Each structure stands twice: as structure tokens, then as C-alpha cells.
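These notes are about the structure you will find just below.
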Amino acid sequence: MNNPILIRVVVSLVLYFFLYYFGGSFGEMVLYPVTRLVTFLHEFGHALGALITGGSVVGIQINPDGSGYTKTLGGSPSVILMGGYIGSALLGNIIFYIGARMERFASFTIYVIAGMMLFSGIFWFESMYSTGFLIAFSIGLYLLVSYTNFAREILMFVGLAVILYIIQDFNVGPTSDLDQYAELFVFIPATVWMYIWLGIVILLFIGNMRLIFKSN
């Protein structure tokens, strides 16, 4: 195995699954920021769905238990709802791709993520806890990148972990979104939409992996 990107991907995969299935309390502690990042990307995906369809964002909430919600006005309900699960998967794939193929942008990308959190916490204020958490997380990311040389490794691991966590959580994480989506399209039940969304996320991941290894 002399492909450096393949080696990094394999190491990230092994590390994630080891922490998730065998890491116990230590694994939960290490993956805690990843699960909260998934929540943030999910809610940010809702916000983007509102903005790109002409709506506005009132607030974003991240709860201590890892759940969250986004308040929006206007926009397309179908795009906003889909933006949570599929949008977070898309953002996770972008993070993973930049870490794997665009090393020179790795640090900048983490600064952008930190900026997204800082912006959301301040301008889409919903509660003191949520804003405090997002500001603290953004500061932590900034310090981590500013004082280490592992921006690429961090991006690859986090991006891959986000994608895998979303796939593993497909029948739990987007439950409320799926129920609301089924109300918009009454002829298709939430369970069917669940597998449609999962299929889209898996196809995004497969397509991303093909892009990553295309030139190798």
C-alpha cells in the first residue's frame, strides 16, 4: 500500500470504527465533538436550505443531548427539511474531500467552519447555551489549527466520521424531518423517504470517493 491518500483513509476508517465500537467512554469522549459537529451541520443545512430558496433564518439551537432545531421564515419547506440530513452529508463530503485532495486549503477550511459556528451563534441566537457552545467550539477549532500541524488529518477524520455517523444514524437522526416531509408528500410515507435520503447520502459518498481516488 504505497498510496498516501489511501493510507490516510484506511487509518481514519479504522480509528473511527475502533472508537465507535470498542472505545467505550474514551471513544465517546473523543467522538463527542464529531457528533456535535454533525448536529451543527444538520441545522446549518436547514439554514442554507432556507436562504437559497429565498427564506430567512431566525435561530439555530444546539442542545446538550446532541439534538437541535432551526427556526426559519419563508423559503421552500421541502428544500429546508431535506437540507438537514442531505445538506450535512454534502458538507461532510466537502470537508473530507478538501482534507484528502486539497491539503493547502485544510487550515483555511477549518477556519471557515469555525467562522460558520461563530456567525450562527451570534447572528442566529436562540439560547445562551447554544451560543456559548458554538463560540467555544469555534475557538477550540481555531486554537487546534493555529497551534498544530494536523489540519489535513483533522479534516479527513472529521469529514469521514461525519459521513459515517450520518449513515449510521439514518433511522434516528432525521426522524422529525422525515415526518414533516411525509406530510408535504402524503402519498409517500416517512419510511420510504428515509431510504431515499439514505440512498442519496450513500451515492454522494461513493461519488466523493471516486473523485478522491480518480487521479491516483
Residue, farthest from Ala161 (Cα to Cα), within segment 55-75, restricted to residues that are out of contact with any Gly (no Cβ under 8 Å at 6 or more places or on another chain) and assigned to a strand (DSSP E or B): Val58
Test: residue in segment 31-48 that is closer than 24 Å to Ala136 by Cβ and not in a helix (DSSP H, G or I): no
Test: residue in segment 168-176 that is among the hydrophobic types (A, V, I, L, M, F, W, C), surrounded by fewer than 13 Cβ atoms within 10 Å (Cβ to Cβ) and not in a helix (DSSP H, G or I): yes
Residues located in segment 76-126, provided they are touching a strand residue (DSSP E or B) at 6+ places or on another chain (Cβ under 7 Å) and either aliphatic (A, V, I, L, M) or assigned to a helix (DSSP H, G or I) (or both): Ile80, Ser120
Residue in segment 32-39 that is out of contact with any strand residue (DSSP E or B) (no Cβ under 6 Å at 6 or more places or on another chain), surrounded by 22 or more Cβ atoms within 10 Å (Cβ to Cβ) and either under 24 Å from Leu164 (Cβ atoms) or in contact (Cβ under 8 Å) with a residue 12 or more places away in the chain (or both) present: yes
Considering residues of segment 1-32 that are farther than 23 Å from Glu103 by Cβ and hydroxyl-bearing (Ser, Thr, Tyr) only, the residue farthest from the chain's Cα centre (by Cα): Ser25
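Where a number appears in this text, it was derived from the coordinates with a stated rule and is not lab data. No experiment lies behind these values; they were computed from the predicted model shown. Backbone-built Cβ (ideal geometry, glycine too); neighbour counts: all protein chains shown.
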